[in-house]
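For reference, the structure discussed in these notes is given below.
What follows is calculated from the coordinates using simple rules that are stated; it is not laboratory data. Just so it is clear, the structure is predicted and the values come from calculations on it, not from any experiment. Virtual Cβ from ideal backbone geometry, glycine too; neighbours counted across all protein chains shown.
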Amino acid sequence: MHVIHDGRRSRNGGLNVVLMASIFIVAGILFLGRNLGFIDHQIFRIIVSWQMLLIVLGLNSLFRRQTIGGGVLIGVGVFFLIPRISGLGYDWVATYWPILFVLIGIMLLFKLWKPGSFSPNPGRRYSQDTSYSSADGFVTSNNAFGSVSQIVLDPVFKGAKITNTFGSTILDLRHTTLETAETYIDLDCTFGGVEIYVPHNWTVKSNLHHFFSGNDDKRYRISEVPDSTHKLILRGNISFSGIEIKS
């Protein structure tokens, strides 16, 4: 098992760094305002809450054009924030929670019937939220509320860009090889899981930025000499997700 963790910031992590920095700055100002008596305690409890955190994460997803995932996060946050704002109490939540399922279903149908949501091939129809392709050894995968599984059979793997929201993505690289010294997989995963299958002797390096997430190499230790001349590098951002390396 050969995983190298590196703390250096990837170029794709700029947006998440700005988001996290903004959250800390705003939170610090709010706590200071409460301590000095400038902010009412009830207002503070509304602004600094897990519901508001979901709304912020949803806005971040919308900014990344992950419409369904962002919409669900915002909807859940607003729904559970209503009792605090209106004073209806949590009996209202216990009664009207099925509304969340109705809203999620409407959003899924809206995306399903949106023009251009289907493939021209009548035998295979894909929502815009689940698609993948491989061209000359480079894999592109976009998955939301679905499952994607792809085996790369190109002689040389040249990298991948994987976006995964509320879904599961499997990428099998055991039938290909690495040609350059560094090959990159760019990951953007929110509330989902990604499994990457690689040969036993590949060296995998993680430059991922985590937010309530984790990545783990689950390959069995073997006596085979690792390939130190080629590295597979994972970079990007994962939130409330898990990344697993397997063989």
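Using the beta-carbon distance between residue 56 and residue 200 and R0 = 41 Å, what value does 1/(1 + (r/R0)^6) give for FRET efficiency, to the nearest 0.05? Can you show the working numbers first?
Details: r = 41 Å, r/R0 = 1.00.
In this case the efficiency is close to 0.50.
If packing is taken as the mean number of other Cβ atoms within 10 Å per residue, what is the order of 74-80, 24-30, 183-189, highest first? Intermediate results must be reported in sequence, preceding the final value.
Working: 74-80: 17.6, 24-30: 11.9, 183-189: 22.3.
The packing order, highest mean first, is 183-189, 74-80, 24-30.
Along segment 189-204, what does the Karplus equation 6.51 cos²θ - 1.76 cosθ + 1.60 (θ = phi - 60°) give for ³J(HN,Hα), rounded to whole Hz, x for Gly and Pro?
10, 10, 6, x, x, 10, 10, 10, 9, 9, x, 4, 8, 6, 9, 10
5 Å is the cut-off here: which amide hydrogens, built 1.01 Å from N in the peptide plane, fall below it relative to residue 177, excluding neighbours closer than 5 in sequence?
The answer is 156, 157.
Only Lys, Arg, Asp and Glu count, each charged at its Cβ (+1, +1, -1, -1), so figure out the dipole size of segment 126-246 about its Cα centre, rounded to 20 debye.
Working: 10 positive and 14 negative charges, 43 e Å.
Roughly 200 debye for segment 126-246.
Going toward the positive end of the dipole of segment 126-246, with +1 on Lys and Arg Cβ and -1 on Asp and Glu Cβ, which of 163, 207, 147 do you reach last?
Toward the positive end, the furthest listed residue is 207.
Take residue 35 and residue 210, extend 7 Å from each Cα along the Cα→Cβ direction, and tell me the distance between the two endpoints in nm.
2.9
Among the aspartates and glutamates, select those whose C-alpha is under 20 Å from the C-alpha of residue 205, and discard any that sit fewer than 8 residues away in the same chain.
6, 172, 179, 182, 186, 188, 195, 216, 217, 224, 227, 244
Based on the Cβ-Cβ distance of residue 45 and residue 103, what FRET efficiency does E = 1/(1 + (r/R0)^6) give at R0 = 25 Å, to the nearest 0.05?
Here the calculated transfer efficiency is 0.50.
Given R₀ = 25 Å, what would the calculated FRET efficiency be for residue 179 paired with residue 140, taking r from the Cβ atoms and rounding to 0.05? Don't jump to the answer; show the numbers that get you there.
Numbers: r = 19 Å, r/R0 = 0.76.
The calculated FRET efficiency here is 0.85.
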